[in-house]
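The block underneath contains the structure these notes are about, expressed in C-alpha cells.
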Amino acid sequence: MNRLIKAITEGVGHSDEKMIVQLCSPVTPNMQHDLNSKLNELNF
C-alpha cells in the first residue's frame with residue numbers, strides 16, 4: 001500500500017500523503033487489492 005500511496009502522491013503533485021490516504025480511504029478492500037495487484041504488475 002505504501003508504494004501505491006507514494007505513486008499517487010507523486011503522480012498528482014502533492015507532498016502530503018495523508019491527504020491521499022483520506023481521499024482513498026472510502027475504497028473497498030477488494031478494490032484496494034485489485035488496484036495493488038495491477039500496480040505491482042507495472043514496472044515504474
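Below, the figures for the structure above:
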quantity	calculated
Within the chain: Cβ-based charge dipole about Cα centre, in debye rounded to nearest 20 (Lys, Arg +1; Asp, Glu -1)	40 debye
Correct choice for Rg and Dmax of the Cα atoms in Å that was computed from the model, options (i) 10.9, 35; (ii) 9.2, 24; (iii) 10.4, 27	(iii)
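Rule-based calculations on the coordinates, nothing more; no lab input. All of these numbers come straight from a predicted model, not from anything done at the bench. Neighbour counts run over all protein chains shown; Cβ positions are idealised from the backbone, glycine included.
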